[in-house]
Amino acid sequence: MPAQIPRTTQHDLASRGGQPFRLFLHVPPGEPPPGGWPMITVLDANAVMGMTVDVVRVLAYLPREAGVRSAAVVAGIGYPTDGPYDLVRRSFDLTPPPGREVPAAEGRQASRTGGADELLDFIEEVVKPLAARAAPIDPSRHALLGHSFGGLCVLHALFTRGGAFRDYVAGSPAIWWEDNAILDAAKRFIAGPDRPSPLRLLMTVGEYEQNLAPWHDPAWRPRMEMMKMVDQARNLAERLRPLPGLELKFATLPGDGHMSAFPAAVLHGVRFILAG
C-alpha cells in the first residue's frame, strides 16, 4: 500500500477569493499540554510536510532530551499537485502586496504576485478553525514557518499581523524581492508603538546563498551578488534585535545553499518553536 504520513489528513479547500489549496493536517497522539497543542503552520507543504511531521515526532519522542516542551499540531499549506512546488501559485500566495503581473518568458508561465494577505486571511479564516475542530490548540502558541518566498511571507506576517502568530521562522527570506520593499514594512514595524508581545523570530540563511559553493554554476554569481541573501538577512536581524518584546535568533547554516537550507530551516525552526 502507499506509505502515509502518520496521523495526517489531507483537505482540498479554497480561499475566500477562490484560490485552491491542499491543506495537510497532523494531530499528534496522546494528551495535549494543559493549554492545548502548539500549532505550526508550514508553507510550501508539498515539499516538506512529511519532513516537518517527522521532526516533530522525533523531537517529541524524548522531549527533555531534545529540549522541547511537547509535540505540535502541524498545518501544511500546499496545492493540488504531486510535485514539491507549484511555482505559479506560490509566486502569488507568498509575496506581499501590491504585486504585479509577470509576463510569460522562455520556460516560465505568466503569473501574478502580491497575494500574501489573501493567504494569511485563509490561514485565519479556514486553517486555524479547522485545526481547532480537530484538536485543542493553545491560541498563544501559533507559529508560521516558510522558506525563500515563504520566508518573505513570514516576515510580511510579522511586520503587518504580529498578533496572528507568536513564533515566526523565516528561512532564507527573499528580502531582495521588489527592490527590498519588505524593508519599508520592517521600518514601520520597528517604529510602531503597539507591537504585540511576546514575539519570537528565527531567521536562517545558508552559507552558500551569497557566495558560490564548489558545486555552483559560476554564471549564478551576478544574481547571488544582487540578492545579497546573507547580508540582507543578517542586517535585518541586527535592526530588529534591540526591539523590546521580540526574542530573535539568527543562524547561518554551514555548508548549505538555497535549496538545502530549506530542510535545515525546518529542523532548526521546529526546535525553536517547540522549545519556547
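Some values worked out for this structure:
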| item | result |
| --- | --- |
| Charge dipole of the chain about the Cα centre (unit charges at C-beta), most positive-ward option of ILE190, VAL53, ILE5 | ILE190 |
| Anisotropy class of region 18-62 from Cα gyration tensor, a/c 1.5 cut | oblate |
| Choice from VAL205, VAL27, VAL58 with maximal GNM fluctuation in the chain (Cα, 10 Å cutoff) | VAL58 |
| Inverse of mean 1/r across different Cα pairs in region 77-148, Kirkwood, Å | 14.1 Å |
| Check: region 57-148 dipole with +1 on Lys, Arg Cβ and -1 on Asp, Glu Cβ, in debye | 360 debye |
| Convex hull per residue volume in Å³, alpha carbons only, for region 1-128 | 137 Å³ |
| Assigned charges on the beta-carbon of Lys, Arg, Asp, Glu; region 133-218 dipole about Cα centre (debye) | 560 debye |
| Cα-based reach from LYS249 at 18 Å (exclusive), listing aspartates and glutamates while leaving out same-chain residues under 8 positions away | ASP167, GLU207, ASP231, GLU238 |
| Using a Förster distance of 35 Å, the FRET efficiency for TRP215-THR8 (Cβ separation, nearest 0.05) | 0.55 |
| Test item: Cα-centred dipole of region 197-276, Lys/Arg +1 and Asp/Glu -1 on Cβ, debye | 260 debye |
| Shape call, region 85-191: gyration tensor on alpha carbons, a/c limit 1.5 | oblate |
| Of [x] 52, 44, 40; [y] 43, 42, 33; [z] 54, 42, 36, the label for Cα extents along the principal axes in Å derived from the coordinates | [x] |
| Region 44-77 versus region 116-157: alpha-carbon centroid distance in Å | 16 Å |
| Gyration tensor verdict on region 197-274 (Cα atoms; rounded if a/c is under 1.5, prolate if a/b is larger than b/c, oblate otherwise) | oblate |
| The chain: most fluctuating residue of GLY162, GLY150, GLY99 per GNM, C-alpha cutoff 10 Å | GLY99 |
| Counting all C-alpha pairs of region 121-256, share separated by more than 20 Å (%) | 48 percent |
| Peptides ranked, highest mean first, by Cβ atoms within 10 Å: ranges 229-240, 169-180 | 169-180, 229-240 |
| Summed residue charge, Cβ within 9 Å of PHE122's Cβ, Lys/Arg positive, Asp/Glu negative | -4 |
| CD proxy at 222 nm, helix term only [per DSSP H run n ≥ 4: -39500 (n - 2.57); per residue of the chain; nearest 500] | -10500 deg cm²/dmol |
| Computed label-point distance, nm, for sites THR160 and ALA275 using a 7 Å Cα→Cβ extension | 3.1 nm |
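No value in this document is a laboratory result; all are computed from the given coordinates. Computed from a predicted model, the values in this text were never measured in an experiment. Because the Cβ atoms are built from the backbone with ideal geometry, glycine has one as well, and the counts that use them run over all protein chains shown.
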